[in-house]
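> Pasting a structure below so you can have a look.
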Amino acid sequence: MNLSLAHPHSPFLLLFFFFFTILTLHSLTVTSATCHVDDETGLLGFKSSITADPSGILSSWKPGSDCCTWSGINCLASNRVTSLSLMGQSNKPNSFLSGPISPSLSKLKFLDGLYLQNLRNISGPFPDFLFGLPELKVIYIENNKLSGRIPGSIGNLTGLFALSLSGNQFSGPIPSSISQLTGLTQLKLGGNRLTGPIPNGIQKIKNLTLFSLDGNQLSGSIPDFFGSFSELRVLRLSHNKFTGKFPASISSLAPKLIYLELAQTGLNGQIPQFLGNFKTLDTLDLSRNNFSGVVPRSFANLTKIFNLDLSRNYLIDPFPNMSVKGIESLDLSYNKFHLGEIPKWATSSPIIYSLKLARCGIKLRLEDWKPSQTYFYDFIDLSENEISGSAIGLLNKTDYLVGFWASRNKLKFNLESLRIVERLKYLDLSRNVVFGKVPNGVSKLEKLNLSYNRLCGKLPVTNFSASAFLGNDCLCGSPLAACKSVA
């Protein structure tokens, strides 16, 4: 964008100057600050309570040095610590901290943001000292092992605008006092062990842009209170134990909602027509419910959707003719569809990486399917259809394939011609007419099922059980019967 042509009051310029000013002030503050003794004492008390730090996350926290320069520390108010941000790296097994959150952090009286994310082994109850930090605006304690109940006094943290306790082990009900946090724009409590209903009072938190309670054991009906959330972009309630039908007031979220995830929530009835009005929707996940009837024709209006999962319901034909520009992942598996063919709007997508159409009534020769690209496919599941021909032409064009499932079809090809790419982990070709020898490359896979085909010869050395190879009459060698020696 040419800044000289931008309107002087454009949002772009205002944001640019805002962040430029903040970054400049931050740079000046950090370089000139000397750590306040209370903040140094509080932070070193936190470090001393940590029992394991194998990757050295806190290695820069040394007594007598300026704590404003320590890893994860920001000082934006004179020489006082305003932000503590420690993050583990999920792809590094040793990137974690063990131990409690020390109450010595109560000395950080200017702290406005506490971010303890993906540290995995931080344990203990909800830290009560947070109620004594008057400047606190953001609490992000995610993917750790905090446990016990979320205290009823949580409602006293009225200055918060973001609260995330997701990925811990909190149990018991969501306290009704949480409705007093009317300044929140983000509320994330997913991935815990919370029980009971969603408190109706949450409708008072009218400025929510992100609302996530997924992965708990919440029950009762989903409150029909979504008309209160005019700014909501993300709604995640999947994997709970709700009952009842799709809340009608969700229709009011159509102008701005981007993510709607209601998988495995116990909902039943028909998928509502109004979902076709969600023209900004990126992701819709209604999988593993008890929805029945047809998918609304209004779904043809979802031209911008990237991720659609309607799998494992009781949906019937006809499936609407959609006009999606570029779907990334599609899962229609295990309904009562008779699609006949792989949808053209999925076949033509240049960015699709996951296609799952198990038991969708597809009848074709696999060589006749001509997707616009195969290179970026990660997952393909065509199990339990009536697909014939060879999978070699498709699979040998994929460099990033992680999983291919095609059991209970009529595929017929020589398995020795299969190129097993480096990333492939899951392969299921059971109950087809695959022939030839089992290639050595299968030993690198994590899961394999080649049972009930027409494979022959001695098996390569693998760690798979006999069930992966049963039903192939002339296969031999461990874990099957030993091969007969030729005289």
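The values are calculated or read from the model by the stated rules, or taken from the named source; none is laboratory data. The structure displayed is predicted, hence computed values, not measured ones. Glycine gets a Cβ as well: all are built from the backbone with ideal geometry, and neighbour counts include every protein chain shown. What goes into the accessible areas is simple: the full protein's heavy atoms, side chains included, and nothing from ligands, DNA or RNA. Shrake-Rupley method; radii C 1.70, N 1.55, O 1.52, S 1.80 Å.
> Might you check whether a residue that is among the basic types (Lys, Arg), over 25 Å from residue 368 (Cβ atoms) and more than 27 Å from the chain's Cα centre (by Cα) occurs anywhere in segment 390-409?
No, because not a single residue in segment 390-409 is among the basic types (Lys, Arg), over 25 Å from residue 368 (Cβ atoms) and more than 27 Å from the chain's Cα centre (by Cα).
> When only residues in segment 371-409 that are in a helix (DSSP H, G or I) and either hydroxyl-bearing (Ser, Thr, Tyr) or modelled with pLDDT under 95 (or both) count, which is most open to solvent (accessible area, probe 1.4 Å)?
Here the answer is 393.
> For segment 290-347, name all the residues that are buried (at least 17 other Cβ atoms within 10 Å of the Cβ) and acidic (Asp, Glu).
If the condition is that a residue be buried (at least 17 other Cβ atoms within 10 Å of the Cβ) and acidic (Asp, Glu), then 309, 328, 331 are the ones that fit.
> While we're on this one: Taking segment 467-478, which residues are in a loop (DSSP other than H, G, I, E, B) and open to solvent by 50 Å² or more (accessible area, probe 1.4 Å)?
470, 473, 478
> Would you check if residue 229 is within 21 Å of residue 155 (Cα to Cα) and crowded, with 16+ Cβ neighbours inside 10 Å?
yes
> Continuing with this model, one more query. From 59, 83, 48, 95, which residue is part of a helix (DSSP H, G or I) and modelled with pLDDT of 90 or more?
48
> Applying the selection to segment 440-463, what residues are small (Gly, Ala, Ser) and either surrounded by fewer than 14 Cβ atoms within 10 Å (Cβ to Cβ) or under 23 Å from residue 401 (Cα atoms) (or both)?
Selection gives 441, 443, 451.
> Can you name the strands (runs of 3 or more DSSP E) wholly within segment 253-370 that have at least 2 residues being farther than 24 Å from residue 409 by Cα?
The strands (runs of 3 or more DSSP E) meeting that bar are 259-261, 268-270, 283-285, 290-294, 307-309.
> Quick one: how many residues across segment 45-75 are under 35 Å from the mean Cα position of the chain (by Cα), open to solvent by 40 Å² or more (accessible area, probe 1.4 Å) and not basic (Lys, Arg)?
10
> Okay, moving on. Identify, from the list 167, 148, the residue that is modelled with pLDDT of 95 or more, in a strand (DSSP E or B) and on the phi > 0 side of the Ramachandran plot.
So the residue among 167, 148 that is modelled with pLDDT of 95 or more, in a strand (DSSP E or B) and on the phi > 0 side of the Ramachandran plot is 148.
> For segment 232-248, enumerate the residues that are of a type in the set (S, T, N, Q) and open to solvent by 10 Å² or more (accessible area, probe 1.4 Å).
Selection gives 240, 243.
> Based on what the data block shows, is residue 183 within 27 Å of residue 227 (Cβ to Cβ), open to solvent by 30 Å² or more (accessible area, probe 1.4 Å) and either touching a Phe, Trp or Tyr at 6+ places or on another chain (Cβ under 7 Å) or not aromatic (Phe, Trp, Tyr) (or both)?
It is true that residue 183 is within 27 Å of residue 227 (Cβ to Cβ), open to solvent by 30 Å² or more (accessible area, probe 1.4 Å) and either touching a Phe, Trp or Tyr at 6+ places or on another chain (Cβ under 7 Å) or not aromatic (Phe, Trp, Tyr) (or both).
> Being open to solvent by 70 Å² or more (accessible area, probe 1.4 Å) and either among the hydroxyl-bearing types (Ser, Thr, Tyr) or assigned to a strand (DSSP E or B) (or both) is the filter here, so list the residues in segment 199-222 that pass it.
Hits for segment 199-222 are 217, 221.
> Please go through segment 410-434 and pick out each residue that is surrounded by fewer than 17 Cβ atoms within 10 Å (Cβ to Cβ), more than 23 Å from the chain's Cα centre (by Cα) and modelled with pLDDT of 95 or more.
If the condition is that a residue be surrounded by fewer than 17 Cβ atoms within 10 Å (Cβ to Cβ), more than 23 Å from the chain's Cα centre (by Cα) and modelled with pLDDT of 95 or more, then 410, 412, 414, 416, 417, 433 are the ones that fit.
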